[in-house]
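Participant: Attaching a single structure in structure tokens format; questions to follow.
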Amino acid sequence: MARVNLPKTCGTCHTGPFVSFQKSHHYKLLTDGDDRGPTCSTCHGEVAAQLLSPVGLANQCSQCHGPDRPVARPGRASEAMLMMTEVREVRHRLTEAQDMIRRVKDRAARTRFEEQWKQAEVPIIEAANAGHEFVFDNLKERLDRARQRTDALLDALISGGR
Ligand code: HEC
Ligand code: HEC
Ligand code: HEC
């Protein structure tokens, strides 16, 4: 499969990452026939669709952007690592909120919390998708929204959910 066609192929199922990837400089390289940039399988493998850890992601960026590399961009790797770490941290708290919601006895309250949980999950999914632009302004905005909603949800659970 030609590297340039891979994003579109994966993108038939993974619209979110594909839409953001198309805004990236990396995508432009691909469509210009420049093979120095990453495509989907660079980070996710050919078949195994694995996810990267924050450190694993930083290592990927550094393969090409490290200080001694041809397309050196100091700071790209550490910024990506920080962003991923923050995404994971909010996701982790959302998982904790989910456990707390399961223990809420009052059914109406539980339904309300579940709705609030979904509202908080949307921007964190969007943040992970936006990461595929590899510049992180949109990711940060989504992440902030997810964090605020998650904090509000946890506050409500702690004060009224038991
Ligand atoms: C025919 C549809 C389809 C195509 C094409 C496809 N995938 Fe997937 N992919 C899925 C489904 C379904 C899942 C499981 C979804 C889940 O677990 O939330 C998945 C899971 C993943 C995951 C893990 C998501 C997670 O949260 O653990 C990654 C990463 C991924 N795919 C990347 C790719 C890449 C890269 C390509 C192209 C080489 C690709 N996929 C092609 C349907 C597809
Ligand atoms: C430079 C590395 C890199 C490249 C290139 C890349 N991804 Fe990702 N991808 C990631 C990281 C990092 C995550 C977030 C993992 C997490 O959330 O734990 C991710 C998450 C995903 C997920 C999980 C769902 C989600 O959005 O959170 C899917 C699906 C996915 N990528 C598909 C793709 C597709 C399709 C392409 C090509 C268009 C692509 N990725 C290119 C690094 C990359
Ligand atoms: C397979 C090699 C490769 C990987 C992996 C890679 N890049 Fe790139 N990236 C490139 C190349 C090549 C360019 C174009 C540089 C040029 O034209 O001077 C580029 C350009 C960029 C640009 C636009 C130029 C700029 O600095 O403003 C950004 C932003 C960027 N990469 C961020 C990242 C981040 C963040 C990661 C890790 C998540 C990453 N890249 C991973 C090869 C790569």
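The values are calculated or read from the model by the stated rules, or taken from the named source; none is laboratory data. Everything numeric in this text was worked out from a predicted model, so none of it was measured. Because the Cβ atoms are built from the backbone with ideal geometry, glycine has one as well, and the counts that use them run over all protein chains shown. Areas reflect the complete protein model, heavy atoms only, side chains present, ligands, DNA and RNA absent. Shrake-Rupley method; radii C 1.70, N 1.55, O 1.52, S 1.80 Å.
Participant: Assigned to a loop (DSSP other than H, G, I, E, B), more than 13 Å from ligand 1 (Cβ to nearest atom), at pLDDT 95 or above and not assigned by TED's automatic domain parsing to the domain that holds V135: is that true of K28 in this structure? Explain how you work it out, then say what you get.
Facilitator: Working: assigned to a loop (DSSP other than H, G, I, E, B): no; more than 13 Å from ligand 1 (Cβ to nearest atom): yes; at pLDDT 95 or above: yes; not assigned by TED's automatic domain parsing to the domain that holds V135: yes.
No.
Participant: For the stretch 42-60, indicate whether the set of residues that are open to solvent by 80 Å² or more (accessible area, probe 1.4 Å), closer than 28 Å to L6 by Cβ and in a helix (DSSP H, G or I) is non-empty.
Facilitator: yes
Participant: Restricting attention to the stretch 31-39, does a residue exist that is touching a residue at least 12 places away in the same chain (Cβ under 8 Å), assigned to a helix (DSSP H, G or I) and surrounded by 14 or more Cβ atoms within 10 Å (Cβ to Cβ)?
Facilitator: No, that holds for no residue.
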